[in-house]
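J.: Pasting a structure below so you can have a look.
Read the figures in this text as sums done on the coordinates, not as results from a lab. Note that the coordinates shown come from a computational prediction; the quantities given were computed from them, not determined experimentally. Note that each Cβ is placed from the backbone with ideal geometry, even for glycine, and that neighbours are counted across all protein chains shown.
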Amino acid sequence: MTPTHPQMSFKIHGMDCAEEVAVLKRAVGPVVGGEDRLGFDILNGKMAVTRGPVSAEAVVRAVAATGMRAEVWQGDEPISDQARFWQRLGRVVLTGVSGLCSLAGFLSHVWIAGNVQAALGSEGMGLAHEVPLVAKAFYTLGILAGAWYVLPKAWYAARRLRPDMNLLMTVAVLGAAAIGEWFEAAVVAFLFAVSLTLESWSVGRARRAIAALMDLTPTLARVRRQDGGEEEVRPEQVAVGTAYLVRPGEKLPLDGRVLRGTSDVNQAPITGESVPVAKQPGDAVFAGTINGNGALEVECTKPVQDTTLARIIRMVGEAQSRRSPSEQWVEKFARVYTPFVMCVSLAVLLVPPLLFGGTWSEWLYRSMVLLVIACPCALVISTPVSIVAALAAAARNGVLVKGGVYVEAPARLEAIAFDKTGTLTQGRPSVVEVVPLNGHSESELLERAAAMEVHSDHPLATAIVAYAKDRGVPIVPAEDFQIIQGKGATARVHGKQFWLGSHRYLEERGQETEEVHQRLEAMSAAGRTVVALGNEEHVCGFIGLADAVRPTAKATLEALRSVGVRHLVMLTGDNHGTAQAIARETGVDEVHAELLPEDKVTRMEALVAKYGNVAMVGDGVNDAPALGRATVGVAMGAAGSDAAIQTADIALMSDDLSKLPWLVRHARRTLAVVRQNIAFSLAVKGVFVALTFVGYTSLWAAIAADMGASLLVIFNGLRLLNQKSGAAEVVGNADHVCHGVSGDSLRGSPQRPLIQRGGR
């Protein structure tokens with residue numbers, strides 16, 4: 001007997017959605033002492049058992065009874081690309097086999113019977129025309145392949161007397177085959193397999209997103225030994241308090257505190273700041289961030305499993321496992337519809353022969369007709385077709401939507417939260433103000449700054465050099481160029497010594513006058529990042545840089561209000577001053593600044609609790625947990641990180657914010673079509689159920705009605721393919737033109753770039 005453990009983890013094969021989680025809770029909960037002792041990570045197919053002394057074998061047996069398979073978790077490494085072929089592609093292969101065998105069965109029947117009408121069974125769907133043995137063989141293979149993953153779950157539902165959609169589909173398929181409707185049985189099995197495969201595929205993409213997040217952390221850390229030497233070890237082996245070294249350009253392996261050295265660290269993967277942040281002894285640093293030009297010695301402050309990045313990874317998994325309102329509605333519908341149909345069909349079989357002397361064969365036939373017509377074939381077809389059409393229309397308009405739930409979700413949005421850097425802003429600094437002082441001209445200031453900055457690849461330096469080139473300022477050579485780590489640089493230009501750097505460096509040089517101080521404070525308060533330039537005698541001037549607001553941001557927010565979005569929020573890791581400046585420019589209703597990823601999740605949960613349906617729009621890894629926690633997560637696809645795009649439910653592939661109002665309208669149109677299709681399908685079923693009771697229908701009529709309803713709802717759903725975002729408008733100003741604004745009557749406002757403050 002395997003010894004008991006206070007906590008165990010299991011890999012669950014076949015757990016792809018919240019429906020399986022509910023089944024596992026019912027089956028495993030009593031074994032371990034309650035559902036509260038179970039934890040689930042759908043992204044990685046993981047189930048944790050906590051606090052209950054239970055054997056691993058008992059848990060494995062309980063899971064096996066549900067039709068799924070469990071094995072003890074062997075490690076936390078992702079298995080997406082290293083998994084066995086069958087684990088990765090089993091559903092796709094079986095679904096393909098189901099479709100091909102169903103088609104082969106139909107074609108063989110057509111070939112043997114000599115016409116399509118006989119294969120369709122227009123006079124009885126197999127009752128009037130005997131299905132050939134070879135066609136039956138193909139149909140049987142198609143049914144088995146399509147229902148391979150469904151049958152164990154249906155058996156579990158039958159044993160537990162908890163009918164679900166798996167059981168209903170299984171009974172309908174077997175019933176149709178039993179009365180000779182082989183084609184109908186095979187088609188239903190294939191369609192259901194397609195829907196399950198698409199669901200499994202979407203979870204697989206989320207699993208790959210987790211792998212992308214984990215790739216941010218280096219696999220080795222360079223630690224300082226007691227004898228002063230260096231040694232490379234895995235981050236898991238580094239204890240809290242151990243000093244490790246980070247060379248220029250390397251990623252930090254662990255969270256920590258700088259002991260020695262100064263450098264600019266790119267924290268965009270964690271905090272979302274668009275410019276590197278100056279680090280000096282005593283400052284905190286995060287795992288997954290990228291060191292600049294200086295070497296750092298860092299003291300580890302957290303073990304690898306508790307770093308900020310590790311918490312992001314865990315939060316993404318937890319957020320993705322929460323059930324959407326649509327999923328909850330489907331579960332409630334299945335809870336009522338499935339047992340109702342089963343009971344009515346059983347009543348049709350038993351009541352007339354037992355109470356009224358009816359013929360058993362006749363009422364068996366009618367009960368099978370009822371099962372076939374009640375089988376949600378039109379529903380199974382209509383909703384996916386509508387969703388696929390909506391997805392295709394969205395893709396044509398530069399919007400990647402990752403499933404039906406996320407097509408519908410924007411229709412109900414009450415609030416939207418935006419990240420700042422790279423979302424409301426363009427995510428890169430640009431020069432917006434040049435302030436010459438003490439008799440110097442703007443061109444002189446740019447010439448000397450560009451001469452020094454051309455030697456640096458810092459984002460601010462790149463922006464200054466690009467601005468100088470755009471203004472026709474020549475890039476002259478600089479002599480004796482030296483970088484002052486974390487502060488700035490010095491060089492000789494035209495034979496005279498100049499320096500360039502941050503406000504802090506200016507203070508250290510002792511050249512800050514009251515006038516200079518007030519001017520710098522005013523520029524910083526306006527959201528500028530300021531680069532000062534001077535010589536040995538005085539300050540020559542300032543260059544102010546800003547992260548430009550997207551030209552369509554303000555107009556997009558106004559359009560979102562016009563389509564009924566009540567509240568617009570900005571969540572950013574940047575400082576309060578910059579956040580408020582951007583908020584005034586774009587017109588958001590509420591601002592929360594200086595947030596770490598877990599803070600964004602907390603704010604998102606508060607918004608969801610208050611408004612119910614809330615979207616999050618972001619572009620960075622640091623936005624991934626909040627994107628997952630939102631009702632619908634929207635990523636900026638062109639410039640966004642892979643992790644954000646994979647985690648989000650929707651990606652704006654052209655980074656065009658003006659697609660958001662169109663997306664809300666598109667979602668409402670889609671939801672209306674889906675509701676029309678569901679109502680029509682159920683109405684047709686209701687009519688034929690009533691006719692079945694009174695004996696005025698037949699199997700072929702039921703099938704014809706079901707197929708007719710299916711075709712009608714398909715055509716209705718395909719209307720969504722014609723949805724377009726409207727005629728493009730041009731929004732911009734004399735210096736910048738942005739195209740692609742949708743026909744949502746967006747009107748651009750003059751671009752006033754703003755920036756976050758940051759160290760250099």
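J.: As an exercise, identify the GluC sites (Glu not before Pro) in region 526-579 lying in DSSP coil whose Cβ has no more than 10 other Cβ atoms within 10 Å. Let's see the in-between values first.
T.: On the way: sites: Glu536, Glu537, Glu558; in loops: Glu536, Glu537.
Listed in order of number, the matching sites are Glu536, Glu537.
J.: So for region 496-554, considering every pair of alpha-carbon atoms, how many percent are separated by more than 17 Å? Mind dumping the intermediate values first?
T.: On the way: 692 of 1711 pairs.
It works out to 40 percent of all Cα pairs.
J.: Okay, moving on. For the residue pair Ala522 and Thr140, what label-to-label distance in nm results when each label sits 7 Å from Cα along the Cα-to-beta-carbon direction?
T.: 9.0 nm
J.: While we're here: Apply 1/(1 + (r/R0)^6) to the Cβ-Cβ distance of Ala672 and Asp599, taking R0 = 35 Å, and write down the FRET efficiency to the nearest 0.05. It would help to have the intermediate numbers written out before the result.
T.: On the way: r = 38 Å, r/R0 = 1.07.
Efficiency, rounded to the nearest 0.05: 0.40.
J.: What is the fewest-to-most order of Val72, Val32, Val674 by other Cβ atoms lying within 10 Å of their Cβ?
T.: Listed from fewest to most nearby Cβ atoms, that is Val72, Val32, Val674.
J.: Still on this structure, please answer the following. What FRET efficiency, computed as 1/(1 + (r/R0)^6) with R0 = 35 Å and r the Cβ-Cβ distance, is obtained for Glu508 and Glu230, rounded to the nearest 0.05?
T.: So, using R0 = 35 Å, E works out to roughly 0.65.
J.: Taking the simple approach of a point 7 Å from Cα along Cα-to-Cβ for both Val240 and Asp470, what is their distance in nm?
T.: Using points 7 Å along Cα→Cβ, the separation is 4.8 nm.
J.: Give, in nm to one decimal, the length gained when the segment between Ala690 and Val93 is fully stretched (0.36 nm per residue of separation minus the Cα-Cα distance).
T.: On the way: separation 597, 0.36 × 597 = 214.92 nm, distance 3.97 nm.
The Ala690-Val93 span can extend by a further 211.0 nm.
J.: May I ask you to sort Leu103, Leu413 by Cβ crowding, counting other Cβ atoms within 10 Å and putting the fewest first? It would help to have the intermediate numbers written out before the result.
T.: Working: Leu103 15, Leu413 25.
The most exposed by this proxy come first: Leu103, Leu413.
J.: While we're on this one: At 0.36 nm per residue, and after removing the present C-alpha to C-alpha distance, how many nm does the segment from Ser441 to Glu515 gain when stretched out fully?
T.: 24.8 nm
J.: So how far, in whole Å, is the C-alpha centre of region 602-627 from the one of region 465-539?
T.: What the calculation gives is 40 Å, centre to centre.
J.: Only counting other Cβ atoms within 10 Å, I'd like Met523, Met636 sorted with the fewest neighbours first.
T.: Placing the least packed residue first, the sequence is Met523, Met636.
J.: If the limit is 19 Å between Cα atoms, which of Lys420/Lys659; Lys554/Lys659; Lys251/Lys487; Lys279/Lys600; Lys251/Lys302 go over it?
T.: Flagged as over cut-off: Lys251/Lys487; Lys279/Lys600.
J.: Would you calculate the separation in nanometres between label points at Gln497 and Leu718, each defined as 7 Å from the Cα along the Cα-to-beta-carbon direction?
T.: With each label placed 7 Å out from Cα toward Cβ, I get 7.9 nm.
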